Amino acid sequence: MIKSLRGMNDILEENEYKRFTYFLKVASSVAEKYGFHYIETPLLEETSLFKRSVGESSDIVGKEMYQFIDKGENDVCLRPEGTAGVVRAFIQKKLDRAGGTHRFFYYGPMFRYERPQKGRLREFHQFGVESFGLESVYEDATMIMMVADILNELGIGYRLQLNSLGDQNCMPQYRDNLVSFIESVEDKICEDCKRRKETNPIRVLDCKNEHCQALYENAPKLLNALCESCESDFNKLKKILDANNIAYEIDTNLVRGLDYYSKTAFEFVSDNIGSQSAIAGGGRYDRLVEFLDGRPTPAVGFAMGIERLMELIEMPNENRNGYYFGAMDDEAVNLIITTTQKKRKSDKATCEYRARNLKAHLKNADKANARYCCIIGSNELENGTIWVKDLEEKREETVKLEDF
Ligand SMILES: [Zn+2]
Ligand SMILES: [Zn+2]
């Protein structure tokens, strides 16, 4: 028997597909309300796209990519995340030269060759949005409000964590100060942090090692070293979130560590799946378009992992809906199929292809969660009528087929 690959799941059980499609429906409709439109990009891209955007020093690119040489000798890779492809498409379609604002949302599978564990798959799904062309911090606030709307509509509780990553004015100076600090405690930090000091010093701040964390409590904080523009934007962001009743916590250890990230960084965490699990994350990446050879374009976005959210979703009560059709006589089967087909123009309708007795049809209709069970037997066939039972209100009647 052939099985799916390790870390790659089918979504077909009722509990899963219903949650999955409900999530997509809610998230897409919220994004559309905010004026974002759908974008689809290929699953397969040139490996260099991710090397340049996600960064060669990251674990994603260093260890986790599904990378191979295709039959045309191209070095290609299954996308490990969604932003790079959207930015590539944005530049390729010359939208960076067109100017204006461009807002996209996407969803689909992402691939990372990681050790599979609960809540972490090799093929997983993300929903994300990207906004290009707006420098205003109010767009960052809008992103945050969009995530909050999606989570609220899904009945998912969260805490929002905020930080500012500075910009080209204030970050380099801060980084130098941080490196000096790391050097002062270098003999006590973990091996990962020693490596990060060389490749990506900011990332030491989110080291999961407790000893490291204790040491970094005394590290200089970027929030205390922001330049005027970054500080003013961060204050505006807090103010507008306050005005819209969105609670947040400041987390100075919330970092991204790639040069194209700047200013706003945010993460939504849930306390209901493991300890402090991130369920959505995003922020501003004003220099990524330029990093990928586009014209400098401010941008901000977020992504959320769908599998992580699945078990947290509160599903709405499902009412009976639609029609179930059945024949009690072989002669009536054709008419049943035709009538079902007509009903499908306006409603959900299913039918049974074999003639069965009434009890069997009622059972099927119940199983299909249909509101109406509609039956044609020999009597109805003769009189041009159909028997209809409303399974919700427990009422039944026989009506003329032409009036049905
Ligand atoms: Zn460490
Ligand atoms: Zn700054």
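None of the figures in this text is laboratory data; all of them are computed from the coordinates on show. On a predicted model such as this, the values are computed, not experimentally measured, just so you know. Virtual Cβ from ideal backbone geometry, glycine too; neighbours counted across all protein chains shown.
For a straight C-alpha distance cut-off of 13 angstrom, the aspartates and glutamates reachable from Lys197 (same-chain residues fewer than eight places away being disregarded) are Asp176, Glu183, Glu186, Asp187, Asp206. Does the chain come out rounded, prolate or oblate by the C-alpha gyration tensor, with a ≥ b ≥ c the root eigenvalues, rounded set by a/c under 1.5 and, if not, prolate when a/b is larger than b/c and oblate if not? Here the chain falls in the prolate category. Karplus-based coupling profile of segment 300-308, in residue order and whole Hz: 8, x, 8, 9, 10, x, 6, 4, 4, with θ = phi - 60° in 6.51 cos²θ - 1.76 cosθ + 1.60 and x standing for Gly or Pro. Both radii come from the Cα set of segment 228-306: Rg as radius of gyration, Rh as Kirkwood radius; their ratio Rg/Rh reads 1.00.
Taking 1.002 mPa s as the viscosity and 20 °C as the temperature, the Stokes-Einstein diffusion coefficient of segment 198-248 based on its alpha-carbon Kirkwood radius rounds to 160 µm²/s.
Across the chain, C-alpha contacts under 8 Å between residues 6 or more apart give a mean separation that, scaled by the residue count, equals a relative contact order of 15 percent. The distance between label points at Glu314 and Val185 comes to 4.0 nm (points 7 Å beyond Cα on the Cα→Cβ vector).
In segment 323-403, Cα pairs under 8 Å separated by at least six residues give a relative contact order of 31 percent. Applying 0.36 nm per residue to the separation of Arg356 and Lys33 and subtracting their alpha-carbon distance, the gain on full extension is 111.6 nm.
Using only the Cα atoms of segment 1-62, build the gyration tensor, take square roots of its eigenvalues as a ≥ b ≥ c, and label the shape rounded, prolate or oblate: rounded if a/c is under 1.5, else prolate if a/b is larger than b/c, else oblate. It comes out oblate by the Cα gyration axes.
Using the Cβ-Cβ distance between Leu12 and Glu382 with R0 = 41 Å, the FRET efficiency computed as 1/(1 + (r/R0)^6) comes to roughly 0.45. Remark: Arg308, Arg159 ranked as Arg159, Arg308, counting other beta-carbon atoms within 10 Å and listing the fewest first.
Along the Cα-to-C-beta direction of Thr101, a point sits 7 Å from the Cα; which residues of segment 117-136 have their amide N less than 16 Å from that point? Residues 129-136 qualify, since their backbone N sits under 16 Å from the label point. Under 16 Å of direct C-alpha separation, and excluding same-chain neighbours fewer than eight residues apart, Lys238 reaches these lysines: Lys263. Working from label points 7 Å from Cα in the Cα-to-Cβ sense, the Asn209 to Lys71 distance is 4.8 nm. Legend: Rg and Dmax of segment 323-403, from Cα coordinates, 11.2, 30 Å.
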